[in-house]
1. Just to verify a result, which residue in segment 43-60, among those that are within 29 Å of V93 (Cβ to Cβ) and of a type in the set (D, E, K, R), is modelled with the lowest pLDDT?
2. Return the only residue of F40, F63 being surrounded by 10 or more Cβ atoms within 10 Å (Cβ to Cβ), at pLDDT 85 or above and not aliphatic (A, V, I, L, M).
3. Tell me which residues, restricted to segment 24-37, are exposed (fewer than 10 other Cβ atoms within 10 Å of the Cβ) and either in contact with a His (Cβ under 7 Å, 6 or more places away or on another chain) or over 20 Å from P83 (Cα atoms) (or both).
4. Across segment 20-56, what is the number of residues that are of a type in the set (G, A, S) and more than 30 Å from P70 (Cα to Cα)?
5. Going by what's in this entry, would V79 be described as at negative phi, at pLDDT 75 or above and surrounded by 11 or more Cβ atoms within 10 Å (Cβ to Cβ)?
Amino acid sequence: MCQYKNNQVPCKKNRYVWKRIKKAPEKSPDPQPYERSKAFIQRLQEQESHGMCELWYFEVSGFCLTPSIPYAWQPIGSVIEIPTSTHRCRLNV
């Protein structure tokens with residue numbers, strides 16, 4: 001009998017796939033500050049397009065101290081999500 005890594009063949013026959021679990025935010029952003037920030041960014045982009053200012057974007061680099069990359073058998077077409085809160089353990093450099 002042939003052995004397969006992670007018993008992939010039997011589960012694939014049952015319409016399951018071995019894939020990464022999606023990490024989702026613990027909670028949604030507060031709608032009022034979020035919309036206010038979106039409107040502010042849009043106004044700045046419009047001012048830049050009219051030559052009134054220069055808009056600069058900076059990228060924040062960092063890493064998380066919990067390097068968990070979970071995988072699981074999931075039914076085809078579905079996504080398993082686990083709540084995560086990365087701001088507690090993220091180090092920006």
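1. Of the residues in segment 43-60, the ones within 29 Å of V93 (Cβ to Cβ) are 44-45, 48, 53-60.
Filter once more, keeping what is of a type in the set (D, E, K, R): 48, 54, 59.
On the way: E48: 95, E54: 94, E59: 81.
The extreme case among them is E59.
2. On the way: F63 fails: at pLDDT 85 or above.
Selected residue: F40, the only one of F40, F63 that is surrounded by 10 or more Cβ atoms within 10 Å (Cβ to Cβ), at pLDDT 85 or above and not aliphatic (A, V, I, L, M).
3. Result: Q32, P33.
4. The first filter runs over segment 20-56 and keeps only residues of a type in the set (G, A, S), leaving 24, 28, 37, 39, 49, 51.
Pick out the ones that are also more than 30 Å from P70 (Cα to Cα) and you get 37, 39, 49, 51.
Residues meeting the conditions: 4.
5. Details: at negative phi: yes; at pLDDT 75 or above: yes; surrounded by 11 or more Cβ atoms within 10 Å (Cβ to Cβ): yes.
So V79 fits the description; yes.
The values are calculated or read from the model by the stated rules, or taken from the named source; none is laboratory data. Given the structure is predicted, the values throughout are model-derived calculations rather than measurements. All Cβ positions, glycine included, derive from the backbone under ideal geometry; neighbour counts span all protein chains shown.
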